[in-house]
1. Using Cβ-Cβ distances only, list the Cys residues of the chain with no partner cysteine under 4.7 Å, sorted by number.
2. Straight-line reach only, C-alpha to C-alpha below 22 angstrom: list the lysines that Lys61 could link to, leaving out same-chain residues fewer than 8 apart.
3. With mean projected area of the Cα convex hull in nm² defined as stated, name the option among (i) 13.8; (ii) 18.1; (iii) 13.0 computed from the structure displayed.
4. List the relative contact order of the chain as a percent without decimals, with contacts defined as Cα pairs under 8 Å and 6+ residues apart.
5. Evaluate the distance, in nm, between pseudo-label points positioned 7 Å from the Cα of Trp234 and of Ala186 along their respective Cα→Cβ axes.
6. Along the Cα→Cβ direction, 7 angstrom out, place labels at Gln112 and Glu96. What is the inter-label distance in nm?
7. Let me check I've understood the local charge: for Val30, count other residues with C-beta under 11 angstrom from its C-beta, Lys and Arg +1, Asp and Glu -1. What total comes out?
8. Quick check: net charge around Trp101, other residues with Cβ under 10 Å of its Cβ, Lys/Arg +1 and Asp/Glu -1?
Amino acid sequence: MTPVSVTQGTGPIILGVPHAGTFVPDDVAVKLNDRGRKLADTDWHIDRLYNGLIEQVTTVKANFHRYVIDANRDPTGTSLYPGQNTTGLVPLTDFEGVDIWDTPPNEAEVEQRRQAFHAPYHAALTAEISRVRASHGVAILYDCHSIRSSIAFLFEGTLPDFNIGTDNGTTCAPQTEAAVADICAAAEGYSCVLNGRFRGGWTTRHYAAPASGVQSIQMELAQSTYLKDEAAPWIYDAVKAARLRGHLASILSALADLTPTFGGTQ
C-alpha cells in the first residue's frame, strides 16, 4: 500500500483528503486494542463523496489511517486547539477519549511513522500546490473532512452540517470565504457555521499564503449528512449523498470561478 494517492487535474483546485484511509500496517495493528482496531474515527467515504464533483480537480489522499499517524497534525506534535480536547499526531485515544492502544508507540516509532507516512503525504501535497500555482498563478487547497455530529469529548451539543474553517479569515481571501459560506447558508435543510469548533487544521493553516497565491479552506461535514447512521458499518447513503453533492459541487465550482479575480487563469 502506497502511503498517498495523487490524481492530477489541470484546474486550480486541490482536494486534500487526509483521513479517509484505512490502511494500518500489521506491526501497528497488533499494538492497537480491540477498540482501536475498529477505526471508528475515519472520515468514512469522504473520498467517494467528493469524487467527480467538478472536472480537472487534483486530489491528494492519505491511504493510511489517522491512528497510524495523523496527516492533519503538526509533525512537531504541537496542539491545534490548545486548552481543548483533541487528538494528537499519533492519537492515544479515540474521539470519545478512550484508549485505543494495548502498546502505545514510543518516540522512535512515532518518528518512523512520520517519515514513512506523514512526510510522503505532505511532500505530495507540496508538489501539487507548486504545480497548480505554476500553471494558474493561484492554487486553492480545499481540505475535505467529516466527523460524527455528536461527540461529547470534543464538542457540546450537535455539530452543524457544514463547518467551514479559515482560521478566522487568515487562510484565504475574504471573497473565497464568503463564496463558500454563502452557498452553505443558502443550502435548504442544512445548518452551517464559519470558524466554529473546527476553524481549520494544520494542513489548512500550514499551506495558507494568500498573498503568494495559495489559499486554503477546510470543510468539516457532519457525517449525518451522507451516512445512513453514524455508527458501524458506516454505510454510505446514496440519496443523502446525492443531495449533499449538489451543494459541494456548487462550492467547488464557485471557487474555480474565483481564480481569475486573484490574478490567476483557468
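1. Here Cys144, Cys172 come out as lacking a disulfide-compatible partner, given the Cβ-Cβ threshold of under 4.7 Å.
2. Once the sequence-local lysines are set aside, what remains near Lys61 is Lys38.
3. (iii)
4. Contact order relative to length: 22 percent.
5. 3.4 nm
6. For the pair Gln112/Glu96, the computed spacing is 3.0 nm.
7. Details: positive: Lys31, Arg37; negative: Asp26, Asp27, Asp102.
Local net charge: -1.
8. Values: positive: Lys31, Arg35; negative: Asp99, Asp102.
Taking every other residue near Trp101 into account, the sum is 0.
Where a number appears in this text, it was derived from the coordinates with a stated rule and is not lab data. Here the structure is a predicted model, which is why all the values come from computation and not from measurement. Heads up, the Cβs are rebuilt from the backbone with ideal geometry, glycines too, and the neighbour counts pull from every protein chain shown.
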